[in-house]
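**Q** One structure, as structure tokens, below. Some questions next.
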Amino acid sequence: MLGKLLKYEIKATARTFLPIYGVLLIFSLLSRIFKDINNNTLVMQLLESLGMVTYVFIIIGTFVLALVVMIQRFYKNLLRDEGYLMFTLPVKPRQLIESKLLVSMLWVISSMFFTVISVLVLAWDSSSWDSVCRVVNQFFEDSQKTFGINGSVFIIEAIVWLLISIAASVLMIYAAVSIGQTFSKHKLLASFGAYVALYMVVQVLASILLLIGSATRPDQWVNNIATPALPHLFLIGMSVLELALSTAFYIITKRILT
């Protein structure tokens with residue numbers, strides 16, 4: 001059933017995101033064309049500037065849209081009138097949460113991917129491929145020399161951290177919106193207040209962990225840890241922290257919906 005929920009959710013949101021990705025790529029291509037044919041005339045300079053400004057606004061709008069759709073789909077489908085229908089389906093609340101979460105993560109990652117592609121379209125030239133290859137080779141060489149680790153392992157750990165961080169951010173919004181619905185009045189305002197409160201709690205916890213780390217003389221235990229282990233410990237530690245936050249936000253959301 002989760003697969004059907006995912007299929008429905010992707011189909012319902014793709015009609016919003018795919019057109020804006022197309023517009024993003026088109027404006028990056030137009031900006032590139034204006035840049036290539038710019039003959040330093042006033043008209044061409046204005047066209048190039050206008051294309052770049054529009055392109056930047058579309059990038060910002062893409063991520064704002066991802067945030068708005070993320071909140072709207074969760075709030076409207078589960079916590080408003082449509083929720084009466086959704087909760088009559090033969091699915092568990094966790095499946096509803098997971099379908100919304102996975103699709104939201106899909107569009108956030110897709111927005112990042114298409115933004116990178118559009119930047120490459122705008123900035124690519126004949127020497128770009130050689131530059132990219134040199135940077136990649138230098139990264140793998142430096143990671144091996146400095147930390148004694150394979151660059152591929154480092155990249156995989158960074159990707160895992162990124163995915164867990166995105167999940168934690170989405171679930172934090174879901175938890176805040178769910179908490180807001182427990183109030184009898186001003187539910188949207190309460191949701192915003194809940195998000196601020198959760199954010200402050202996360203910051204306080206991070207500060208406490210930092211103070212604990214400072215009190216345990218990190219200069220001593222860092223020196224006792226082999227240099228190659230430091231990047232692994234950092235990424236693994238951050239991943240564990242984000243995973244713990246994700247679990248807490250998930251439990252809050254699931255509890256309220258149940």
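The values are calculated or read from the model by the stated rules, or taken from the named source; none is laboratory data. All values reported here derive from a predicted model rather than from experimental measurement. We place every Cβ from the backbone using ideal geometry, glycine too, and count neighbours over all the protein chains shown. SASA here: full protein model, heavy atoms, side chains in, ligands and nucleic acids out. Shrake-Rupley method; radii C 1.70, N 1.55, O 1.52, S 1.80 Å.
**Q** Scan the stretch 175-186 residue by residue and report those that are touching a residue at least 12 places away in the same chain (Cβ under 8 Å) and out of contact with any Phe, Trp or Tyr (no Cβ under 7 Å at 6 or more places or on another chain).
**A** SER178, ILE179, GLY180, GLN181, THR182
**Q** For the stretch 1-13, which residues satisfy the criterion of being in a helix (DSSP H, G or I) and exposed (fewer than 15 other Cβ atoms within 10 Å of the Cβ)?
**A** Applying the first criterion (in a helix (DSSP H, G or I)) to the stretch 1-13 yields 2-13.
Those that are in a helix (DSSP H, G or I) and exposed (fewer than 15 other Cβ atoms within 10 Å of the Cβ): LEU2, GLY3, LYS4, LYS7, TYR8, LYS11, ALA12.
**Q** Of everything in the stretch 31-66 that's within 20 Å of MET112 (Cα to Cα) and open to solvent by 60 Å² or more (accessible area, probe 1.4 Å), which residue is modelled with the lowest pLDDT?
**A** Among those residues, the one meeting the criterion is MET52.
**Q** Just checking, does the stretch 101-108 include any residue being of a type in the set (A, V, I, L, M, F, W, C) and not in a helix (DSSP H, G or I)?
**A** Among the residues of the stretch 101-108, not one is of a type in the set (A, V, I, L, M, F, W, C) and not in a helix (DSSP H, G or I), which makes the answer no.
**Q** Step by step: first the residues of the stretch 68-88, then only those that are aliphatic (A, V, I, L, M) and without any contact (Cβ under 8 Å) to a residue 40 or more places away in the chain, then the one that is most open to solvent (accessible area, probe 1.4 Å). Which residue is that? It would help to see each step written out before you state the result.
**A** Here is the first cut: in the stretch 68-88, the ones aliphatic (A, V, I, L, M) are 68-71, 78-79, 85-86.
Still in the running and without any contact (Cβ under 8 Å) to a residue 40 or more places away in the chain: 68, 85-86.
Details: VAL68: 80, LEU85: 117, MET86: 24 Å².
Looking at residues that are aliphatic (A, V, I, L, M) and without any contact (Cβ under 8 Å) to a residue 40 or more places away in the chain, I get LEU85.
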